[in-house]
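Reading through the structure tokens given below for one structure.
Nothing in this text is a laboratory measurement; each read-out follows from the coordinates by a stated rule. Being a predicted model, the structure only gives us computed values, none of them experimental. Here the Cβ positions follow ideal geometry from the backbone for every residue, glycine too, while neighbour counts run over all protein chains shown.
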């Protein structure tokens, strides 16, 4: 068993034929070199996965970063990303606006 440091590294091991199988996200499979990956099983997800977004305090570009965050939260942008295909399924419309923890 080889454990990759990142999902991308695990995917590359499979693409190169260095391992027989790997466990990665479907969004990563969609970036693989064509005809190098075969999906043999998938794990159903019953809850939406949320990906937070924020400006880090150490950035050298705070204004640009905040503009990107603000733009990403726009409904039209989320709808556009969602329309781009299955790699964004269950992620885009809620990724920047997770439910309140109140």
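In segment 33-52, which residues have a backbone nitrogen under 11 Å from the label point lying 7 Å from residue 71's Cα in the Cα-to-Cβ direction? Output list for this probe position: empty. Evaluated at q = 0.29 Å⁻¹, a Debye calculation over the C-alpha positions of segment 30-81 (equal weights, vacuum) places log10 I(q)/I(0) at -1.11. With all projection directions averaged, the alpha carbon convex hull of segment 1-43 covers 2.9 nm². Label separation (residue 30 vs residue 6): 1.9 nm, computed from points 7 Å beyond Cα along the C-beta direction.
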